[in-house]
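Right, one structure below, let's go through it.
Derivation of every value follows stated rules applied to the coordinates shown; laboratory data play no part. Small disclaimer: the values here were computed from a predicted structure and weren't measured. Positions of Cβ are backbone-derived with ideal geometry, glycine not excepted, and every protein chain shown enters the neighbour counts.
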Amino acid sequence: MSLSEAEWLAILTSLQVALRALLFTLPPALFFGWLLARRRFPGRALLDALVHSPLVLPPVVVGYLLLLTLGVQGPIGRWLDNAFGLRLVFSTNGAAIAAGLVALPIMVRTIRLSLEAIDPRLELAARSLGAGALDRFLSVTLPLALPGVLAAAVLGFAMCLGEFGAVITFAANVPGETQTLALAIYGALQAPDGEAMAMRLALISLTIALLALLGAEWLGRRAGRWNARP
Amino acid sequence: MTRALTIDIRHQRGDFRLETRFEAPATGVTVVFGASGAGKSTLLDLICGNLQPDHGAIRIGEQVFVDTSRGIHLSTEQRAIGWVPQDGLLFPHLDVAANLDFGARRSRRHQSAVNTQQVIDTLGLGALLQRWPRTLSGGERQRVALGRALLSNPSLLLLDEPLAALDAPRKAEILALLELIKREFAISAIYVTHSLAEVLRLADHLVLLDAGKVVASDRIDALMGRAHTPLLSMRADTGSLLTLQVAGRDPAGDGWLTTLEGQTVLIPRLPLAAGIPVRAYVPANEVIIATQAPQGLSVRNALQAKILCLRDRGDGSVLVELAVGAQRLLAAVTPAAVSALALAPEQPVYALVKSVSLDAPAGGRLLEMG
């Protein structure tokens with residue numbers, strides 16, 4: 001099966017978008033997951049609802065809200081443009097932000113569950129042995145949550161790979177910039193003789209998704225090997 | 001007392017009020033003893049810094065953990081506390097060697113009082129170093145937890161019912177190790193328990209906690225064997241701690257002869273060299289009082305004693321506090337016996353000791369205990 005240049009471009013763009021989305025989304029997902037798992041503060045329920053809202057909103061609405069805020073006319077978008085000359089719309093980074101935002105709730109949820117499964121007294125034990133907050137997080141909390149964090153990353157990656165509505169609304173369908181596999185498949189299906197291309201791209205999507213899931217399974221087992229029964 | 005552990009705190013948590021004040025020597029083992037709900041875990045949280053007291057101070061020697069009047073509040077990680085809870089709380093993602101190393105690498109106090117190899121040897125950890133916590137038995141886990149706490153070079157060892165989750169043989173094993181640790185390393189430890197057996201084996205200083213208040217705090221031998229010690233004297237298994245000097249084998253049998261304040265006490269076993277003191281526990285209901293020198297009895301230990309005071313416990317028994325030389329011995333008798341024998345303070349009597357349980361040596365070598 002030989003691939004056309006346009007098809008390769010869609011694959012590379014998809015990987016670019018998904019990896020960047022992961023890069024943008026994983027740190028806030030870790031932070032929100034930790035905040036919701038470990039802290040009690042006023043407004044926690046509201047934050048919880050806000051973080052989860054992309055899960056229940058149509059992705060098109062997420063993209064539209066991004067357009068309103070980060071678009072060239074939006075308050076943050078205008079500021080970014082004026083201060084840094086940075087335009088997110090129609091860019092790979094914009095596509096990554098849109099896809100990442102849709103994946104965020106699932107990632108936060110997965111991370112939060114894995115953090116909640118850790119006995120908080122282990123963190124207290126680390127404190128009593130002299131570990132400060134960051135030290136404790138890096139040497140105890142994160143390694144213990146690592147299988148969950150990896151699972152969140154892979155789920156997020158897979159979701160970003162397939163995200164359609166938010167990306168096309170906020171970042172449009174620009175080949176080489178924002179045209180991911182999902183968008184390319186949609187485009188191919190609109191063309192009169194695009195069915196073969198759509199099929200190839202669909203198979204490639206499936207392959208990438210399966211490889212990611214298998215890789216995650218393997219990484220998760222390695223990260224959690226201390227947990228294996230003797 | 002050059003270095004003392006001082007705790008003087010008031011703390012309200014919901015309906016529960018902890019109002020605790022005591023001073024103990026900073027070296028040796030201070031046992032905090034009380035029923036569940038007495039405030040032991042709140043006290044522990046306050047000592048390790050997991051909770052901030054509403055008012056008060058906790059000091060160990062010159063080091064101030066917390067002092068609300070001076071606005072001092074050290075975080076848990078600054079306090080250097082070797083915390084050993086009942087389940088050990090080993091880090092499951094680190095092997096035994098890395099667990100032991102965790103605290104050692106982060107120790108803030110540079111002149112280390114403990115030697116790594118010595119800790120590993122004393123606790124028998126050499127063969128466990130490459131194992132994962134998950135594969136360890138309960139007793140092994142507690143040994144590693146003790147080692148990890150010791151190697152962090154703590155200013156205070158905080159033992160939170162470290163034996164509660166173990167079966168009887170493991171309990172005996174870890175108790176023996178704790179005694180060894182106590183002798184080998186000059187530690188300061190607070191040991192929280194509701195087990196009288198552990199108190200008897202380990203305590204130098206005893207703090208009795210009841211409903212959030214300290215009802216007694218003193219050297220263990222000043223609280224045991226007293227008819228009026230709160231909490232302890234009301235227990236069915238209350239008794240006395242005696243210090244015996246081993247004199248030698250009993251020529252007439254299998255046992256050993258010891259001396260208690262110049263009088264001879266026969267004990268069933270204890271292969272120790274003569275002259276070494278032994279700490280023995282005598283339950284009050286194992287002691288019989290006679291007003292005349294007994295004859296024709298199977299009980300062989302008859303000690304000359306003097307009644308110091310009597311206390312009716314209101315449950316059909318009277319505690320009689322006896323002086324045997326400078327040591328105290330408690331006997332539990334019935335009110336009927338008190339009136340029949342006309343027992344009264346200052347009266348000389350004979351105390352017949354049915355059994356002596358040898359719980360801990362007061363010094364010298366460790367005993368093999370069953």
With everything on Cα atoms, drop me the angle between helix B:138-151 and the longest principal axis of chain B, reported from 0 to 90° to the nearest 10. 70
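What is the range B:4-223's relative contact order, in percent, from Cα pairs under 8 angstrom and six or more apart in sequence? Don't skip to the end; give the middle numbers.
Working: 439 pairs, mean separation 67.9, N = 220.
It comes to 31 percent, rounded to a whole number.
Would you mind working out the magnitude of the charge dipole of the range B:4-223 relative to its Cα centre, with +1 at each Lys and Arg C-beta and -1 at each Asp and Glu C-beta, to the nearest 20 Debye? Write out the running numbers ahead of the final one.
Values: 24 positive and 25 negative charges, 83 e Å.
Using Cβ point charges on Lys, Arg, Asp and Glu, the range B:4-223 gives about 400 debye.
Counting only other chains, what is the mean number of Cβ atoms within 10 angstrom of the Cβ of each residue in peptide B:122-134?
Mean partner-chain Cβ count within 10 Å for B:122-134: 1.
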For the range B:112-146 and the range A:71-118, distance of Cα centres in Å: 48
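Using a 10 Å cut-off on Cβ to Cβ distances, tally the other chain neighbours for every residue of B:145-152 and report the average as a whole number.
On the way: counts 1, 0, 0, 3, 3, 0, 1, 3.
So the per-residue partner count for this stretch is 1.
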Relative contact order, percent, chain B [alpha-carbon distance under 8 Å, six or more residues apart]: 16
³J(HN,Hα) across the range B:38-49 via Karplus (A = 6.51, B = -1.76, C = 1.60, θ = phi - 60°), whole Hz, x for Gly/Pro? 6, x, 4, 6, 4, 4, 4, 4, 5, 5, 7, x
Pairs B:Lys213/B:Lys306; B:Lys40/B:Lys171; B:Lys40/B:Lys182; B:Lys171/B:Lys306: which are spaced more than 30 Å apart, C-alpha to C-alpha? B:Lys213/B:Lys306; B:Lys171/B:Lys306
